[in-house]
Amino acid sequence: MERVLRGLAEITLEEVAKTFPDGTEAVSSFDLDIADGSLMVLVGPSGCGKTTLLRMVAGLEDITAGQVRIGGKVVNEIPPKDRDIAMVFQNYALYPHMSVYDNIGYGLKLRKVNKRERDRLIRQAARTLGLGDQLLKKPRALSGGQRQRVAMGRAIVRQPEAFLMDEPLSNLDAKLRVQMRTEISRIQRDVQVTTIYVTHDQTEAMTMGDRVAVMKKGELQQVDAPQSLYEHPENLFVAGFIGSPSMNLVEAALDASDGHLFVEFGGTRLHLGHDVRGRRRGIEGYIGRRIILGIRPEDMEDASMVGAAPIDRRMLVTVDVKEAMGSEIYAHFEVDAPPVLTEDTKELAIDAGEEVLEELEEEAGTNWVARLNPRTRAREGGRVELVVDTQNLHFFDAATGAAIYENAQPETPGRAL
Amino acid sequence: MAIAARTTAENRAERSPRGKRLSDTVARGPLHVFLIGLALLWLTPVVGLFVSSFRTVAAYSESGWWTALTNPRQLTLQPYLELVQNESLWTAVLNTVKISVPASLLVVMIAALAAYAFAHIEFKGRDWIFILVVALLVVPLQMALIPVARLFGLAGIFGTVTAAIVFHVAFGLPFAIFLLRNFFIGIPGDILEAARIDGASELQIFRRLMLPLGMPAIASLLIFQFIWTWNDLLVALVFAPGSSAPLNVYIRSQMRQYGTSIDIIAPGTFISMSVPLLVFFAFQRYFVQGILAGAVK
C-alpha cells in the first residue's frame, strides 16, 4: 500500500494512570515512548492493565492522571473519533448487518471520503488482505481467519496515525495464529503505521515487536527489543515471563574459595569463570549471600553430547519426563532445592494457573526443564549428567528480584572483595 | 446362536426408524386430540361471529348462526356491501388509523432512543432512572383516567385524537423502554466502540447500528404496540368520543338496550380484526431473524 504523507506519529505516554470508580488501580504512573512507524508490543499476564492502557490511548477509557500524546498532540480530552486511530478488537467487533465491503468502508464513509476514492481504497485494502472475492459476504458467512482480516482491513483502509490491536489473534486456532502473526507484521511494515499491540502471549511479543513492554499489575517492568529482553531481563518477572519453556530458577548460595567463585544449590556446585565475573561484576557484592540463579533450558546439555565438557560445570539429575519435539528434547527433572517464592514468581505461577501456584508453594523440590540434543541417551527415570553453560547464567537479588549485572545494584551493600 | 442374535438385532435396527416414528405418533396422539379440541373450542365464538357477519339481520333473529353451516344459502355479502357505504364507519376507521399509527411510531422512536441511552451510554444515575421507568410499569392505566382527563381538559385537547395518542404514548413507554433496553444491552459494546473509533457520532451509531441490529425487538414492539392501540376501547371511550371515536368505540355504540345492529357489529369487527392480522404477518419474519450471528468471534 502506498504511504500517505503525514506528520510523525509517535505515541508518548507520560505518567499515565487509571483508577476505576471502585478504587482498583489498573495502571499506575506509566511512561512509554513509541517511535513513529514502529510496532510496540504490550505484554503481561491477564489483568495486568495492558488492555486498559490501550483503551486509554484509543479514548475508550478516561485517563485518571498523566498525559497521552499522539503525534505530539495531547489527546486526553479528544474523543476517539477525532484521534485518527484505528483499533482491532479481540472479538473483531464487525458490523454484523453490513457486508465485508461496507464493514471496511464504514470509517471512510463517516469521514466523507467520496464514493470513487472510497471504492478504490476498499478494494486495495481487500486485495492486500486477500479478501477480494469476499466483499459482498456478511461477517457470519466468513471463517474466523477471514473475520480477523476484515477487522484488519477496517483498520488499514483509513490510513490512520496509529493502529491499536487488542489481542487480535487470540480467537484463532494455533496454525492460523502463526500465519496471521507474520501477515500482521508484514502489513504493519508495509504501511509503516505506529502500532501498539496488546497480547498475553510471549511468543507473539517476541516475534512481532520492534520493542516489547512487559507489564505486571499495572506497572511497566521493562521495555526493550525482544532479544535484549530475553538476554538481559531486568528482574525475575521479565526473566520468567519471556521465553518458552521459561527460565529455570532456584535459590542458590554464592561463595568464594581461593579466588574462585562458585554458585551452589541442591547438591550442585558450578564454577563461575572469569568471563561471567567480568560481565556481571555486580555478583561480587553477593558473595556469601543467597541469590536467585536462573538458567535457560537451552543453556544445559547432556554432557556426553559435548566434547570436553568442563568437570566443574556439571549437574547430575534424574529425568522425570522426556518430551521429544523432533529437533530437540525437553527433559523435565527435579532440583533438590525449594522453589523460588517471591512476589514475581507467584505472579508468574498465577498466570500459569492457580494449581501451579499451589504446587509451587507445597513442593519441596523445584521442577526444571532442559533442552537437549535429540540424540541424547537420557531416558525417563534414568540419571544423566548435564553440563551448564555458565556464561549465560542469570543472577537476581533474592530480596528485590532485580537482575544483577555489571554494576552492583545501588541498594546492595558495598563489595566484599 | 450368536449369528442369529446378531441378525435379529440388525433387523430391528433396520426397522427402527419407522417403528419409532409410529410409536411417537401414538404416544403424542392424545395430546394432539386435546390440543385440537381446545383450539376448536377457542375458535367457536370467533367462527360464530364470522359466519354471522355473512347473514342478514332477518336470518339472525330467526335462527342460530350454525344453521348456516348446513344451509349455506343463507350466506350473503350484503352486510359488508351495506357497511362500506356507511360513512360513519369510514370516519371511525380513519380515526383508528390516526390514533394507532402515530401512537405506535412515537412509542417505538422515543423508547428506542431512551433504551440506547440506558443500555450503552454512561451517565450519572442511569440505573436509578431506569429502575424508576420500570417501576412505572405497575401504575394501572385505569387509575390515571380521571386525573389525566382533567389535565387534558385544562390543556384543551380533551375529546380529540391527540388526547388518545398522548395517553397511549405515555402508558406505552415504560414497557417499551424496558423491552428495548434489555435487547440493546445484548448488542456487544465492542461493535459500538469500533464505530466510535471509525468516527461515528452517537446519533450515527443509533441510526446505523442500534436500529438495524435491534430490528427484531423494534419490530415486535411496533407490532404489539400497534395491535394494542388498534384494539383499545377504554382509552378511546374516555378521551376520544363522538367525532374522534375510533372503530371499536363506533362498533360498541351499535349495541343498544333493546336491540343490536348485528349487521354492523359482526362485519365491523372483522374489518377491525383484519388489520392487526395483516400487520403481524407482514412483520413476523423479524421475530425469528437471528441478525446478530457473526458479529463477534
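Put a plus charge on the Cβ of each Lys and Arg, a minus charge on the Cβ of each Asp and Glu, and nothing anywhere else: the dipole of the protein assembly as shown about its Cα centre is then about 4440 debye. In this structure, the pairs whose alpha-carbon distance is over 18 Å, taken from A:81/A:109; A:50/A:217; A:18/A:81; A:216/A:346; A:18/A:50; A:175/A:216, are A:18/A:81; A:175/A:216.
Extending 7 Å from the Cα toward the beta-carbon at both residue B:43 and residue B:31 defines two label points whose distance is 2.1 nm. Projecting the Cα positions of B:262, B:180, B:229 onto the charge dipole of segment B:86-288 (unit charges on Cβ atoms of Lys, Arg, Asp and Glu, taken about the Cα centre) puts B:262 furthest along the positive direction. Exposure proxy for A:10, A:343: other Cβ atoms within 10 Å of each Cβ, ordered fewest to most, give A:343, A:10. Restriction of the GluC sites (Glu not before Pro) in segment B:65-154 to DSSP coil positions whose beta-carbon has at most 11 other beta-carbons within 10 angstrom yields B:122. Here, P(r) means the percent of Cα pairs in each 5 Å bin from 0 to the largest distance; for chain B it is 1, 5, 8, 10, 11, 11, 10, 10, 9, 7, 6, 4, 3, 2, 1, 1, 0, 0, 0, 0. The residues B:230, B:90, when put in order of fewest to most other Cβ atoms within 10 Å, stand as B:90, B:230. Compare A:349, A:93, A:125 in a GNM of chain A, Cα atoms joined below 10 Å, and give the one with the largest fluctuation. Evaluated over chain A, the most mobile residue of the options is A:93.
Assign one of three labels to segment A:238-397, namely rounded, prolate or oblate, based on the Cα gyration tensor with a ≥ b ≥ c the square roots of its eigenvalues; rounded applies when a/c is under 1.5, prolate when it is not and a/b is larger than b/c, and oblate otherwise. Judged from the Cα gyration tensor, segment A:238-397 comes out oblate (a/c at least 1.5, b/c at or above a/b).
Mean partner shielding of peptide A:86-93, defined as the number of other chain Cβ atoms within 10 Å of each residue Cβ, is 6.
For the peptides B:153-165, A:210-222, residues were scored by their other Cβ atoms within 10 Å and the scores averaged per peptide; the highest-first order is A:210-222, B:153-165.
For the peptide B:184-196, the mean number of other protein chain Cβ atoms found within 10 angstrom of a residue's Cβ is 5. When chain B is treated as a GNM with alpha-carbon contacts under 10 Å, the residue of B:108, B:169, B:84 showing the greatest mean-square fluctuation is B:84.
Apply the a/c threshold of 1.5 to the C-alpha gyration tensor of the protein assembly as shown and tell me whether it is rounded, prolate or oblate. Prolate, because a/c is 1.5 or more and a/b exceeds b/c.
Taking chain B as a Gaussian network of alpha-carbon nodes connected by springs under 10 Å, the highest mean-square fluctuation of the residues B:246, B:267, B:147 belongs to B:147.
Ranking of A:77, A:298 by neighbouring Cβ atoms within 10 Å, starting from the fewest: A:77, A:298.
Taken together, the values in this text are just the output of simple stated rules run on the coordinates, not laboratory data. Remember, it's a predicted structure, so these values are computed and weren't measured experimentally. We place every Cβ from the backbone using ideal geometry, glycine too, and count neighbours over all the protein chains shown.
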